[in-house]
Each structure stands twice: as C-alpha cells, then as structure tokens.
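The structure appears below as structure tokens.
None of the figures in this text is laboratory data; all of them are computed from the coordinates on show. It should be emphasised that the depicted structure is a prediction, and the values quoted were computed from it without experimental measurement. Note that each Cβ is placed from the backbone with ideal geometry, even for glycine, and that neighbours are counted across all protein chains shown.
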Amino acid sequence: MTKPSLTPRPEPVDAKQYDPSLIEEAYYRWWDENKLFHPEPTPGKEPHTIMIPLPNVTGMLHLGHALNNSLQDAVTRCRRMQGCETLWLPGTDHAGIATQSVVERRLWEEKRVTRYDLGREEMLRRIWAWKDEYQSRILSQLRRMGASCDWDRTEFTMSPRLSRAVRRTFLELFREGLIYRGQRLINWSVGVQTALSNDELEHHEVDTFFWDLHYPLTEDPSRVITVSTTRPETMLGDTAVAVHPSDERYKDLVGKTVRLPLADRDIPIIADEILPDPEKGTGAVKVTPAHDFNDYECGKRHGLPMINILNTDGTLNSNAGRYAGLKAVEEARARVVEDLKAEGRLGKVEPLRHSVAHCYRSGTIVEPYLSDQWFVKMDSLVELAKKCYLEDRQVTFFPPRRGDDYLRWLDSTPDWCISRQIWWGHRIPIWYCLDCHPNIELDPSGDPRPIPSDARPVVPGSDDPEATPEACPVCGGKRLVQDPDVLDTWFSSQLWPLSTLGWPDETEDLKFFYPTSVLITARDILALWVARMIMMGMKFRGGVTPFRHVLIHGTILDEMGNIMSKSRGNGFDPVKVIEGGSDEIKGKSEPAPGIPTHRVEHYKVYGADALRYGVLGLTAGFNQNLKMSVRRTPREGSEGALPHFDVEVPVFEEGRRLSNKMWQAFRGVVLPNVQDLSPAPEGESPFPEDRWILSRVGSAVAEVTANMAEYRIGESTDRLYHLFWDDFCSYYLEVVKPRLWGTEEESGRGQAQRCLLRASDAILKMLHPIMPFVTEALWQDLLPALAAAGLAAPGSALMTAPWPESKSFARDAALEAATALAQQVASAINSIRSEVPGVPPGQALPEVVLCAEPEGMEALVSLGPLYGAISRLAKVSKIREGEIGSPPSQSAAAVASPLRIFLPLAGLIDLPAERARLQKKIDKLAKASEGLERKLSNPAFVEGAPADIVEKERGRLAENRQAISLLEAQLARLG
RNA sequence: GGGCGGAUAGCUCAGCUGGAAGAGCGUCGGCCUUACAAGCCGAGGGUCGCAGGUUCAAGUCCUGUUCCGCCCACCA
C-alpha cells in the first residue's frame, strides 16, 4: 500500500451493449500511466519473471503471437494478483538474416538497388530505420492485446547494453577455446549468400531424378563402375568412387582408378566402411567431399582432395571447367546430364522424390559449402544443458514430454556455426593484422576478403562494444581490420534472460529477477533457442537455469490442419480481430475450397478480450495442434474486382458473447442494485441461494487457482465461462432478483447485496487474467460498492487487487446437491411446458405437485427452501407436496429422481400427445434398465467390484424401475 | 528412416489417477418472460479410428494396425 494513489479511473461508459472500443484504450492508458506494469526489485517480495520470446522485427505479429502473448499475460496478471513482484520484459530481436533479407528485397523491388550499391554503412542505416518502424508497430500490437509488459525495460538485441553482453560472451568463450575459426563444410544459403546453422534449414520435398552414371576404368575404358546420384552436376568435383570393403562385386577394383568423364581426371576407387551401402543402388557411390556432408567425412577419412566447384552465388567456378558460370542446379545439371548421355556415360534415370534443405529465410536451396567460419564447440555446453535438466532438475517442462525433445536435440547437435556473411547483426569482435597477413585485401565495402584460414585473431582489450584493439600484439602494427562477418542472431538471443537484466553487471534486477519463472514458447524454437539459453545460464550464471519452467504450447492451424499465416492466405492480423475492419489478402494458397487466394476480408469488432478468450480456450489439454475454424461467407454485390468475404471465428464469437453477457449482467442487475447497501446482519446468510453461489465460487477459486499454477489456462476459461453464465447468471441472479427489488426486512436485501458483491468480485478477479479489459471496467464501476462493503480498497485497480482465496468461501456440498435437484425439477417442468401441446408457453403454470416415495422424503424436504427458486426458473405460481399414492388427475408427469413431478392441466392437456411423450420416456428408461440388470445379474460383477459401486448400480436400477412404474401408472390413468 | 502428437456429436474440442459419454458452435422447435434476441426455454444428434488383450468393469491401461499432423535425419 506504499504506492501512491492512482490517477482518476477512466470515465464510466454507459452503453447498452458491450463495446470494446470504448473501454480498451482508456483502461490500457490508465494502467500504464499508473505504472502498474512496472515492478521494482523489492526485498521480501516474491519475484515472478517472464522474458518475452522476442519477436523478430521483420514483420507484424500474427495469431501465433496473439496466443503466445495471451498466455504470458494471463500468467503474469494472475501472479501479480497473487502478490508477486511481476516482471514481464518485452523486446524485439534484430533477426539478422530475416530482416536484412526483407529490407534487401524491398530495396530491389522499389529502387532496383542492392546492398552492394549502397555500401555497408548506408545499408545498415536503412535497416535501422526499418527496425524502428516495425519495433514500434509490434510493441503497439502488444499493447492493443492488453499485454502488461514493463515498457520501461523494453530491450532490443542490438542495443548497446545487449551488444556488450554479446561481446563479453564471445570473448570469454573464445579465450576458453570454445569458439574457434576453421574450414568446414557448412550449409550455405545461395539466396542470401551466407553460412547457416543446421537449425536454420527447412526441408522441402522435391521431385527430381536418380541418375546412374558410368565411370570407365582408367586402365580398361571398356569396363565401367556405375554410381547413382541425385546431384549429377557435382560429379565435376568428385575425387573418388567408394565401395564397401565387403562387397565382392568390386573387390578387385579397389585401388584402381576411374577416368572421371567430362572432367578428364583420374580418381581412385576406395573401400570405405561407412559411406557405401552394398544393398542400395549399385553399391558404388561417387565421393564429392566439398559438396556433400557424408562425402566430406569420407574424404577426411581417406585424405581425399576436396575440390570446391561452387561460387558463393551458387554458380559453378573455374574448377568446373567449361561449365563455369552456370547455375549449379538450374543450368549445369541439365548440361552435365546431356553431355554424359552424349558420351554414353548415362545409365538409367528414375524419378525420385526426396527432401532437400532450403534456407528458412530466403527459401532458396542450401548448398553444402566448404569455407572458413567461426564455430562454437558444443560438447561441454551440451553437458551443462543436460545436467541442468537431468541431474539438477532445475527446469521443468509443461507438458513433461517436451523434456524428451530437448534431450534428443542435445544428443545430436554438432558444433554451431555462428558466423554469417551479412551486415545486420553483431560484428564478430576479432581483428586481423594487415602487416602480418599482407595477402588480405579490402573489398569495395572496406571489408577484408579473403581472410586466410591461418589468420591470427587479435582481440580487443575490453567488452565495450565500441572498443578496438590498439595494435597487433605480434608485430605492433596498427593496420588492423575487423572480421567482416556478423554473429548468428541466436548468439545474442541465447543471452536474453541474462542480458536484459543487465548481465554481465551484477545489477539489482539481475539479483532479484533471475532466474526467470517461466518461458512460454512454441515448440519450433525449443532447440534453436531454449536449449541455448539454458547453456548460457549454466555457463555464465554459476550453473543456474535461466528459467524454472518451460511451457510449450501448440501451433494454431486452420481447419484443414495447415499452419496459419497471412502469406499463405489463411491467417489474419490479430489487431483486425480486435478492432474490426477489412484487409486485402493475397495469399499463396486457398484457405478452404472455393475461397480465392486474392480477396478482401471483413472482420467484426471482437475486442481484445474476445481474442484472448478464444486463443486461450484452444490451449486446453496441452495439444500441439490447435485447429481453429474460420467461417468466410461471400458478400453479395461486393464492390470492385476482388471478391469480398465476411469472416467469423467461432472461438472469438464465444468470447465476444461472454464479454457482452458480463456487461449486460453487471449493467442490468448487479450495479443498479448495490448502489445503496441495505443493512445486513453479520454471519452466514439464511438464504440458500446466497450460500450456494458462494460455495460454487469457492470451488471454482480452488480449481482455477490450481489450474493456473500448472498453466492449464484453457481449462480455466471453460470453468469460468460456466461459473459465470450458468451459476451466476442463469441461477443466482434469476433467483436473487426479487430480494434485490423487494423491501429490506423480508427479503434480506442487504445480504443479497453483500453476497452479490463477493461473488462478483471473485468472478471478475478470476477472469481478469484472461479478459483484462471488460473485467477492470466492470470492477471499477463496482468499486464504490465493494469499498462500502469493506471488500476492496477505494481507489485501487482490479489489475493489482488480491487474488481470491477459496478458504474464504464456505462450501456446502448438501446444499449444492439440493440445488442441483431443484435445477433438475425446474428443467423437467420446462421440458413439459415445451413438449406437451396445450401448455401455454408464456404464462406461469398455476401449480406443480411434488411427490416422493418414503426413501425420497429427505430429498423432498431439503428442497423445501428452494421452492422459490424453482418457481422462478420454471415459472410456476405454486409448488406443493402431494401424496405419492394419489397424484392429481389430468396431469402431465415427469421424474427427477427421487421425486415425481405432476403438472395439473385439467382441460389443457392433449391426451394422445402426452401418451406418446410418456411412452418415449418409458422406452428410454427401459433400455437403460436392461443394461443395469445384465450387469447386476453377473456374479463376477457383484462379487468382484467394490461394494459401494455395486450399491450405486443397484440404487440406479431401483430408481429406474420406480420411474418406469410411475410413468406407466400415469399412462394408465390417462386411459 | 527415427521420434512425438492426434483420431470422441455435423464442426472445433474437453474428458485428471479405469466405474452410467460432455461443452461451445451449428441444426430443429418454442419464446420480444421487466440485465441480456449478441438473449431465454426445450429437443435431436456419438458402435469414443480399426482389431485384439488385461479387468467384474476400458473413451480412459497394454499390443498391433490404418489414416492425419509435427519434429528430427546425410537416405548416394
């Protein structure tokens, strides 16, 4: 309570229906201006920290982000109300390759210039401008969704502070020998012209061929050895043919040479244990160590020469002789095949579909490419990451099975290639001495190229991202040039939980908020990001995990099971869902049969709460696929050339209806009736509906609290929906209304008001993490009454109000059972009203008679205090008890075990229709009884099953039989 | 090829440690009942993918199998 009082709350909105546009921005601004999102390290308080999985500045947020951030916000808001000092730290990722590619593409489309035309400095200026624009758009999208991030701590991976952390990390790992430079076969993106790590590849199925090539023996050209390949053009770089040592067919050929066609080189036939599989193809394979990962390993085993035949742009180089300059896959392949055919060296050609690696950003083919790159040695880091999870149990996955995915990746990760031949990113903090290495040249951008494999690295003296080494430690020369490459984006993102809190400085934030509480993310970056953050935390934070929990949520898919994205044409902008409006969609594929790829879509105003409710509801059960159905209906007579569609999303529809229902219930019933508190005696209310709703709220508080603690947020949305709609609105409000309207003494108005306030308060609180806006707005309207009743502090905010406790709500199981029976009775009466012809639908029924067998008397008695409730719910004027033996004549009957219900309907009843209705019920009951009888006549069941189960089944059968006999008697009476 | 997940009402999905099949939407019928027609009342609709097994009892556990999806993998 040390916080200064809040600024005046936003003006109350008086609207008949809920209009999110009148609420959301005003309340968000109010929270923000009161710094309610901003935590401070506070000794004695429990911290709760979430680092946002930093979105890329490449584009706008999509529905997947809406889900991810709704989860984070729901957890954050819940913990904040539970008294934690909550930090949700926002920020963005510079996303090196992705962002540079986007800006380059745009430059080319708009101005026909390349990055080389602009030069490094100007290009970076353009990318910074892009970043500024998109970062602010992304952050405003987050605000729009209601994200309670601490904007004062907003970070960016290339800020000076984070750049310092990156440099510190690089230099420490380098000094330790965990970062090294070396020539390796790496993945090369031909489109972006940079190295990629294994994790940046996408595999796509490609239709191609399997070609058989005949290589003639040097000593006897009439004899050939046949190899099969999917990449005939790489034969220009072959340096051997390999066979399995056990392969009898080729035993005599090992050690001889073949004459490589087209290249006219002699290459050896070698025996290798690993590469060739005698069962496959001809059993003999061509070996191209510079252009295939397996061949590379084989080449190293046998000391084969490695002939690089590629340029960085994917064309063939001079090692390819007359094919130089041709694009390898698109042009050279066909020419090589053609020429081999002409020479009679081509064997059979079979169609083949196989998966080929593509660049995850440019979509172009990835070539294995031999080059000098920087690497992180992974083995010791992998050990730390395993220890954290397996031995220390410092980190827990939700759901637990995700821990297996994590381990699987750790077990199969090679050294990490971290250098990228692009400009946007953290420059590698290594210099080279031009005096020691006179063959280093500077290209037009001022970048040194090439850097020899044996160039001696010179490191700067400090972590300052601006620091440069003064002189060459060997020759003292001052002509130093920095390595032109930048680091893989993930090198900086892996530091996110550390660097955002100020590491390597020992800041108050770092001391208080580290380790973070939970990392919430989708599965696709488990390896790329999650595992590496753990490594860095373990390495640089004294073996402490960066996060205690990892929540892996599913991916939103469309109804067909495809990943949703705007570029595919089946996704949409979350802000459009919130604000409504229209959007031109120009996708790659049809979102559903008959829906064109290029169209205009119109969205309703759903509001942020409905969006959040909808996406959070999808997450129930930790499912990995979250299919979301979308209805698109064509608009008649739409203007313009493009077809127009109205878009409806059922899950958002549900959220919108819920927000509106809340609005209506509070505006229409709760608020008008709590303005003037009538006096009420202390202690428990004598009115059963009061005790009932508090009991129901109490059990919901217990369940929701438990669910939230396990991140079962989808389950909570469902639970709260029914608590509010069914229990609070359909039952409690209906039943309590007369007391609110009535005079004080008789009706217990004061008690009704207090109970209403307590239930409302708890419901709004529990719904707040899911639907922050409508709940805060209604709670503010309710606050004066809550304060008057001593249930809340005046001038406070729901956002920071304390979470309800289940122990403050008395539970009453017997009352809940009695009320459930009352609801069944009301429902049975309504059913008769609806099904029996002749019963007036609108008017109240004059009388209902309830009867019970002797063993049901207790239940009947317990129902006594609830007659008023039944009267309201089923609209009957009078309820009385009757003798079971002499039911009223000319009546419709129903059963709500253990009670019999009679509606005297003299003169109104349609006899044949009523007879048919009764017969239908009897048939249904008889069918159920048959099953029970069979079960109970089975001695194995009666003896084997626990006694209470057998008893239960017996009771059920007796109930059924009684109901049947009653209905049959009724049938007989109707004649 | 390896790993994982899914298959339950027309659609999207709940269903925890095995004890009479649920929600929302959609459909059908009836209601402008004084918070709410963005609503209320009622009805219909399911051999829980298929085949075995364990058990007195299986949507739930085990085995096999078929589809769908995802992740990983060098399939020459």
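Between rounded, prolate and oblate, where does the range A:73-153 land on the alpha carbon gyration tensor, with a ≥ b ≥ c its root eigenvalues, rounded for a/c under 1.5, else prolate if a/b exceeds b/c?
Numbers: a/c = 4.24, a/b = 3.30, b/c = 1.29.
Since a/c reaches 1.5 and a/b is larger than b/c, the shape of the range A:73-153 is classed as prolate.
Determine, for A:Y514, A:Y116, A:Y867, the number of other Cβ atoms within 10 Å of each Cβ, and report the residues in order from fewest to most. Display every interim value, and only then the final one.
Details: A:Y514 23, A:Y116 11, A:Y867 18.
By the 10 Å Cβ count, ascending, the order reads A:Y116, A:Y867, A:Y514.
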In square nanometres, what is the average projected area of the Cα convex hull of the range A:619-765?
12.7
With R₀ set to 30 angstrom, the calculated FRET efficiency between the beta-carbons of A:S5 and A:A620, to the nearest 0.05, is 0.15
Span-rule helices in chain A, defined as complete DSSP H runs reaching 18 Å or more along the axis (Cα) with Kyte mean at least 0.0:
A:688-709, A:749-767, A:772-788, A:813-835
With n ≥ 4 as the cut-off for DSSP H runs, can you work out [θ] at 222 nm for chain A, using -39500 (n - 2.57) per run divided by the number of residues, rounded to the nearest 500?
-12000 deg cm²/dmol
With DSSP loop assignment and no more than 13 other C-beta atoms within 10 Å, the GluC sites (Glu not before Pro) in the range A:628-677 are A:E636, A:E639
Sticking with the crude label model, points 7 Å out along Cα→Cβ, report the distance from A:E951 to A:V13 in nm, one decimal please.
5.5
Ranked from highest to lowest mean number of other Cβ atoms within 10 Å per residue, what is the order of the peptides A:482-493, A:780-791?
A:482-493, A:780-791
What is the packing order of peptides A:245-257, A:344-356, taking the mean over residues of other C-beta atoms within 10 Å and listing the highest first?
A:245-257, A:344-356
Excluding residues on the same chain fewer than 8 positions from A:K286, give the aspartates and glutamates whose Cα lies under 16 Å from its Cα.
A:D212, A:E233, A:D238, A:D247, A:D264, A:D266, A:D272, A:E273, A:D277, A:D295, A:E297
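For chain A, just say rounded, prolate or oblate: build the C-alpha gyration tensor, square-root its eigenvalues into a ≥ b ≥ c, call rounded for a/c under 1.5, and beyond that prolate if a/b exceeds b/c, oblate if not.
On the way: a/c = 2.65, a/b = 1.85, b/c = 1.43.
It is prolate, given that a/c is not under 1.5 and a/b is the larger ratio.
Using Cα pairs closer than 8 Å and at least 6 residues apart in sequence, work out the relative contact order for chain A, in percent.
Details: 1741 pairs, mean separation 111.1, N = 975.
It comes to 11 percent, rounded to a whole number.
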Cut-off under 5 Å, modelled amide H: who pairs with A:E847 long-range:
A:S877, A:K878
Test of understanding: express the Cα radius of gyration of the range A:454-551 as a ratio to 2.2 N^0.38 Å, with N the residue count.
1.39
According to a simple spin-label model (label point 7 Å from Cα along Cα-to-Cβ), what is the distance in nm between A:L352 and A:L936?
7.0
Paramagnetic reach from A:T364 (point 7 Å along Cα→Cβ, amide N under 16 Å) across the range A:182-218
A:187-197, A:201-202
I'd like the trypsin sites (Lys or Arg not before Pro) in the range A:454-524 restricted to DSSP loop residues with at most 12 other Cβ atoms within 10 Å, sorted by number.
A:K478
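Tell me, what is the FRET efficiency for A:K111 and A:S136 to the nearest 0.05, using R0 = 22 angstrom and their Cβ-Cβ distance as r?
Efficiency, rounded to the nearest 0.05: 0.40.
Given the Cα-Cα distance of A:S21 and A:A342 and 0.36 nm per residue of separation, how much length would full extension add, in nm? Don't skip to the answer; put the middle values down first.
Details: separation 321, 0.36 × 321 = 115.56 nm, distance 7.25 nm.
Result: 108.3 nm gained on full extension.
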Virtual spin-label span in nm between A:N319 and A:N439, 7 Å along Cα→Cβ
1.6
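When only DSSP loop residues count, what GluC sites (Glu not before Pro) in the range A:848-888 have their Cβ near at most 12 other Cβ atoms within 10 Å?
Details: sites: A:E855, A:E858, A:E881, A:E883; in loops: A:E883.
The qualifying sites are A:E883.
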Classify the range A:716-808 as rounded, prolate or oblate from the Cα gyration tensor: take a ≥ b ≥ c as the square roots of its eigenvalues, call it rounded if a/c is under 1.5, otherwise prolate when a/b beats b/c and oblate if not.
oblate
Given bins 10 angstrom wide, list per bin the percent of all Cα-Cα distances in the range A:364-519, short to long.
8, 27, 31, 22, 11, 2
